[in-house]
Amino acid sequence: MTHERFEILAQAYGGDIARWPTAERDAATLLMAAEPEFARIVLSDAGELDAALDLWAPVAVSPALRDAVAASAPTPRRRWSLNAWFMRAGVGAGLAAACAAGLVVGVMLSDAPQAPTMDDTVSAAISNYDDLSGLVTLEGA
Amino acid sequence: MSDPDEELLTRVGEGDPAAVRALVARKLPRLLALAGRMLSDPAEAEDVAQETFVRAWKQAPSWRPGGARFDTWLHRVALNLCYDRLRRRREVVTDNPPEQADEGPAPDRGLEARDVGDRVSAAMQRLPDRQREAIVLCHYQELSNIEAAGLMGVSVEALESLLGRGRRALRAALADMVGG
């Protein structure tokens, strides 16, 4: 590696050769070993700027942002097994059928003539008896 | 090259809440740092980070290894969102550019009195967008030169040129802090 290339890399990637392109690190290391004073000056110079750049702290993540981002993720998908699906489908269909049957019966009952109850029969008998009593009275008069 | 996020992404795609939290913990600080340094506006940076994740959630179920790493893809999405915002800013201020703050040390104040981070931030914001992007990707996000060049759509040589010019400009802007 030439001196010029070493300086270009330091100017571009900074004073830590661990952050230089992988393919050029070995050659840079050899140059550092061969000319330590040159390398020290170049890397130290670049390292000063690195240190200054590192003093610019990143924006901190607030708990509110973290929670909002996590909440924006899709809700978990339900994993139904085939048996569970059939069971749920069966129960659902059964309930639907029961509801439908109940509805039909309810409608039929509301439209059908009211069957006489025991109380109604007794009342009618009493009523007829009263009427008959009246006829008897008229005949006797 | 295996993707270190692959297993986590698979679980996210299956709707695993723990994987969602883990992915947020792993990637949100990086994305927020990227957007914060590209935009120098914490609120806008948060918006970009959130929008990037919205797209990540859509992508996770269909993510297939073998192409770009997920982290690189996330950077691409976030950078595009940052550039959308930078473009909008330029459209707003084209006719009325803001005054540039004086970044040099005041004669009656020592360097110690300054917030060095703010000085660096101000100097970075004065760089051309592409030079700032190159430094953010390589120095702050610690991407490899190949990844950064790929994201920026330039050759490695062009990336090195952007980095070199950007760092020289920063050195000049921060000359009172950085020797040489």
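The values are calculated or read from the model by the stated rules, or taken from the named source; none is laboratory data. Computed from a prediction, not measured in an experiment: that's the story for all the values here. A quick note on method: Cβ atoms are made from the backbone with ideal geometry, for glycine too, and the neighbour counts reach across all protein chains shown. Note: accessible area is taken over every heavy atom of the protein model, side chains too, but ligands, DNA and RNA are not part of it. Shrake-Rupley method; radii C 1.70, N 1.55, O 1.52, S 1.80 Å.
In table form, for the structure just shown:
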| item | result |
| --- | --- |
| Accessible area in the full protein assembly, largest first, 1.4 Å probe, for A:Asp54, B:Asp41 | A:Asp54, B:Asp41 |
| Chain-alone versus full-assembly comparison, the stretch B:149-171, residues with accessible loss of at least 40 Å² (1.4 Å probe) | B:Glu160, B:Arg167, B:Arg171 |
| Kirkwood Rh in Å, taken over all unlike Cα pairs in chain B | 18.0 |
| Cut-off under 5 Å, modelled amide H: who pairs with A:Gly15 long-range | A:Gly47, A:Asp50 |
| Sequence of A:Thr2, A:Thr75, B:Thr72 from largest to smallest accessible area, 1.4 Å probe | A:Thr75, A:Thr2, B:Thr72 |
| Total accessible area lost when B and A pair, probe 1.4 Å, Å² to nearest 100 | 3400 |
| Listed residues B:Arg132, B:Arg21, B:Arg119, most fluctuating in chain B (Gaussian network, C-alpha, under 10 Å) | B:Arg21 |
| Heavy-atom surface of chain B, accessible at 1.4 Å and reported per residue (Å²) | 48 |
| Charge tally in the Cβ shell below 14 Å around B:Cys82, where Lys, Arg are +1 and Asp, Glu are -1, B:Cys82 excluded | +3 |
| Residue-level accessible surface for B:Tyr140, protein heavy atoms, 1.4 Å, Å² | 30 |
| With DNA, RNA and ligands ignored, accessible area of B:Leu174 (1.4 Å probe; Å², nearest 10) | 0 |
| Portion, in percent, of the accessible area of the stretch B:6-101 that falls on carbon or sulfur, probe 1.4 Å | 50 |
